[in-house]
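One structure is given below, encoded as structure tokens.
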Amino acid sequence: MCGCLYSEDPLFEPGLAAFPTAFVVRPPEGPARSWFDARILYALEESSGEPHVRRSTKLPELLLIEALRLHLATAPAAERGWIVGLRDPVLGPAMAAIHAAPERKWTVAGLAAEASVSRSILDDRFREVLGRSPIRYLNEWRMHRAQDLLATTDSTIATIAHRVGYEAEEAFSRAFKRARGRSPAAWRAARSSQPAISQT
């Protein structure tokens, strides 16, 4: 079986290198292999076209999650990337702080305090593992959260701006347009006008 996944989540952004562009998962003999085989056979049966078969939209998600789990469990240790950052004793606490409270007025000194290291050590580690400075990562995470809120809530632009750390809606709109090529309102309108992807 093979599959392709597209996602706007930073976990799958090539620049953060959480995963390679393609990888092969071979479940070992035992419960994991039996689980995979049974669900793949069930997925094939669901896609047979029989009108009486009830199709599940969760099955592909479960297969994907298990494939990613197996890949992470068996992949060689990496030196760079998002997953490495989350597990890193220096980056992990700083990234967790950013993810939990992107609206805070973070500084490099504040993030370094979260990680109990100096500013220079934190900055060097961000650049080494993630290829960007701590503040650039913060700004990118804010734009990701803003995009998610625009796509999944009816919150006003001003509310979203405050939730991701901007006091002024105008400043947020300028930052979002630089990052995504459109103003928040235009991005949301374009997103809502896209036809829904049908499940097959």
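Each reported figure results from applying straightforward, stated rules to the coordinates on display, with no laboratory input. In this text, all values refer to a predicted model and were calculated from it rather than measured experimentally. FYI the Cβ positions are ideal-geometry reconstructions off the backbone, even for glycines, and counts take in every protein chain you see.
General remarks:
- With Cα atoms defining each centre, the stretch 116-133 and the stretch 85-101 are spaced 11 Å apart in the structure.
- Averaging Cα coordinates gives a centre for the stretch 135-200 and one for the stretch 57-71; these two points are 28 Å apart.
- Here the gap between LYS58 and GLU128, fully extended at 0.36 nm per residue and compared with their Cα-Cα distance, gives a gain of 21.5 nm.
- Bins of 10 Å, starting at 0 and running to the largest distance - Cα pair percent for the stretch 134-200: 21, 53, 19, 6, 0
- With θ taken as phi - 60° and the Karplus curve 6.51 cos²θ - 1.76 cosθ + 1.60 applied, the whole-hertz 3J(HN,Hα) list for the stretch 86-91 is 5, 8, 6, x, 8, 6 Hz, x standing for glycine and proline.
- Radius of gyration and Dmax over the Cα atoms of the stretch 77-193, both given in Å: 15.2, 47
- Gain on full extension, evaluated as 0.36 nm per residue between LEU86 and ALA179 minus their Cα-Cα distance, stands at 31.1 nm.
- The residues ILE83, ILE98, ILE65, when put in order of fewest to most other Cβ atoms within 10 Å, stand as ILE65, ILE83, ILE98.
- Cβ-to-Cβ counts within 10 Å put ILE160, ILE135 in ascending order as ILE135, ILE160, the fewest first.
- Fewest-first ordering of MET95, MET143 by other beta carbons within 10 Å of each residue's beta carbon gives MET143, MET95.
- Taking each residue as 0.36 nm, the span from ALA113 to ALA38 lengthens on full extension beyond its C-alpha to C-alpha distance by 22.1 nm.
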